[in-house]
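This is the structure I want to talk about, given as structure tokens.
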Amino acid sequence: MTQPPAHQPAAHQHPALAAADPELAALVGAEERLQADTLRLIPSENYVSAAVLEASGTVLQNKYSEGYPGRRYYEGQQNIDQVERLAVARAKALFGTDHANVQPYSGSPANLAVYLAFAEPGDTVMGMALPMGGHLTHGWGVSATGRWFRGVQYGVREDTGLVDFDAVRELALKERPKLIFCGGTALPRTIDFAAFAEIAREAGSVLVADIAHIAGLIAGGAHPSPVPHADVISTTTHKTLRGPRGAMLLAREEHAKAIDKAVFPGLQGGPHNQTTAAIAVALHEAAQPSFRDYAHAVVANARALADALLARGFDLVSGGTDNHLILMDLTPKNVPGKIAAKALDRAGIVVNYNTVPYDPRKPFDPSGIRIGTPSLTSRGLTTAHMDTVAEWIDRGVRAAGAGDEDALLKIRGEVGELMGAFPAPGLTAT
Ligand code: DSN
């Protein structure tokens, strides 16, 4: 049987859904077309494999399993226990940790469980400020973590865009926070886990490495691992790691009980077993040699794209990238991030508008856009394509500034043509 082109709706893959709820099936088909036809540059997104997709949609969905393997509050766990044990064993082997909890529903609940395990309401916690590239759950004011705990924040230097470790150390020693978070959502540079660990040790703090963005790079050997340095590691499973939407907490044995108790019964009820199964599949895929190639290709593509953007006069925070992510300050181009992001979307290039460090504009209308290479790498684009991608972004931003819809439409055609030659994983029928 011949495979349908990547840009065709794949309703035939969901025959029951199409029969029972054509309206919903049409929306799923439209999303499949969108993901196939566009150049997806949001650095926290990816394409999961067909195997991960299948595991996410299994009858494991039908089962309640509060507790942990061998210690459940429901019977009928003969298979579920094995699924979770497999996921845990694979997580431990892949990252080289003593302990893994694969039950957190996503990154925010995973981080909240860390608070529950190690801190009391009102305690001081420290993380990178959200507008500097941190995450809401690292003690930022509008998040429960910033309301229920006393969040103190560090940032990056205005001149380099890099973490100022002298300032981090000074703040940590002054505040003696219970938790120090490192990692974030808009960090284009390598995280120096050893430097954070030394500061945490001096301050008597628990070091939490939030590796959600870079877990796949770490698993593939394209970014240093926090394992020898961090007390606890928190990660989502759906970004560079290329698994389902979920999360994991990894820890040394000494913290295993506290972490498990915090996730269940502290914070959550029954685990999402279909997600646990899909995490197990993704971890198996991430242990294959081809995943190392993917992880290194993600970084190589990001570096090539950064160079091509710099050559076109773009201002990149920190001057470039070491990982999968590029943060572009569009101030010199006189185009606000939101205007650029929406115009690029019309051109078939999907990015998100983002604050840049020391942004004079508001978070809902900031100066920058954030882009990344995981999705395009999963589709097979290489460094040879990055000049074209930079050229499209350049033309798109200029068209945004000029209000030139025809130019955006032309880019959209070119994007669709190239992406049609690179079938999206998980979207083509097998
Ligand atoms: N929302 C995620 C991101 O896009 O980086 C972080 O949680």
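The values are calculated or read from the model by the stated rules, or taken from the named source; none is laboratory data. The model shown is predicted, which means the values in this text are computed figures rather than measured ones. Cβ atoms come from the backbone with ideal geometry, glycine included; neighbour counts cover every protein chain shown.
Which one of these is surrounded by fewer than 24 Cβ atoms within 10 Å (Cβ to Cβ) and under 19 Å from Asp37 (Cα atoms): Val335, Val350?
Step by step, each of Val335, Val350 is checked, and only Val350 is surrounded by fewer than 24 Cβ atoms within 10 Å (Cβ to Cβ) and under 19 Å from Asp37 (Cα atoms).
Listed residues Thr235, Thr240, Thr160, Thr185; which is within 16 Å of the ligand (Cβ to nearest atom), surrounded by fewer than 24 Cβ atoms within 10 Å (Cβ to Cβ) and under 29 Å from Thr373 (Cα atoms)?
Answer to the selection: Thr185.
Based on what the data block shows, is Asn352 on the phi > 0 side of the Ramachandran plot and either modelled with pLDDT of 95 or more or touching a strand residue (DSSP E or B) at 6+ places or on another chain (Cβ under 9 Å) (or both)?
no
Having 3 or more residues that are without any contact (Cβ under 8 Å) to a residue 60 or more places away in the chain and among the β-branched types (Val, Ile, Thr) is the bar; report the helices (runs of 4 or more DSSP H) wholly within the range 326-430 that clear it.
Once the helices (runs of 4 or more DSSP H) in the range 326-430 are filtered for at least 3 residues that are without any contact (Cβ under 8 Å) to a residue 60 or more places away in the chain and among the β-branched types (Val, Ile, Thr), nothing remains.
What do you reckon, is Thr145 touching a Gly at 6+ places or on another chain (Cβ under 7 Å) and farther than 19 Å from Asn354 by Cβ?
When the stated conditions are applied, Thr145 passes them.
Going through the range 135-157 one residue at a time, which ones are within 16 Å of the ligand (Cβ to nearest atom), among the hydrophobic types (A, V, I, L, M, F, W, C) and in contact (Cβ under 8 Å) with a residue 24 or more places away in the chain?
Result: Leu136, Ala144.
Would you confirm whether any residue within the range 413-422 is surrounded by fewer than 22 Cβ atoms within 10 Å (Cβ to Cβ) and within 16 Å of the ligand (Cβ to nearest atom)?
No, because not a single residue in the range 413-422 is surrounded by fewer than 22 Cβ atoms within 10 Å (Cβ to Cβ) and within 16 Å of the ligand (Cβ to nearest atom).
Right, something else. What are the residue pairs meeting all of these: first residue in the range 198-220, first residue touching a residue at least 60 places away in the same chain (Cβ under 8 Å) and under 24 Å from Leu283 (Cα atoms), second residue away from the ligand (no atom under 16 Å from the Cβ) and among the basic types (Lys, Arg), Cβ atoms under 9 Å, and 6 or more apart or on different chains?
Final answer for the pair search is Ala219/Arg292; Gly220/Arg292.
What pairs come up if the first residue lies in the range 235-248 and is closer than 15 Å to His223 by Cβ and assigned to a loop (DSSP other than H, G, I, E, B), the second is small (Gly, Ala, Ser) and within 11 Å of the ligand (Cβ to nearest atom), and their beta carbons are under 8 Å apart, counting only those six or more places apart or on different chains?
Sorted first by the residue in the range 235-248, then by its partner, the pairs are Lys239/Ser44; Lys239/Ala212.
Also, I was wondering about something else. Which ones in the range 298-325 are touching a Ser or Thr at 6+ places or on another chain (Cβ under 6 Å) and either crowded, with 21+ Cβ neighbours inside 10 Å or part of a loop (DSSP other than H, G, I, E, B) (or both)?
Residues satisfying the conditions are Val298, Asn301, Ala302, Ala306, Asp322, His324.
Then there is this: Residue under question is Arg85, and the condition is that it be over 25 Å from Gly220 (Cα atoms) and of a type outside the set (A, V, I, L, M, F, W, C); does it hold?
no
Could you please give the count of residues in the range 67-119 that are within 25 Å of the chain's Cα centre (by Cα), assigned to a loop (DSSP other than H, G, I, E, B) and hydroxyl-bearing (Ser, Thr, Tyr)?
3
Now for a different question. Against the condition over 30 Å from Ser367 (Cα atoms) and in contact with a strand residue (DSSP E or B) (Cβ under 8 Å, 6 or more places away or on another chain), how does Thr145 come out, does it pass?
The answer is no for Thr145.
Any residue at all in the range 337-346 that's more than 21 Å from Ile411 (Cβ to Cβ) and under 23 Å from the mean Cα position of the chain (by Cα)?
No, the range 337-346 has no match at all.
Within the range 18-38, does at least one residue satisfy the condition of being among the hydroxyl-bearing types (Ser, Thr, Tyr) and modelled with pLDDT under 95?
no
From the list Pro131, Pro177, which residue is within 15 Å of the ligand (Cβ to nearest atom) and over 22 Å from Val102 (Cβ atoms)?
Pro131
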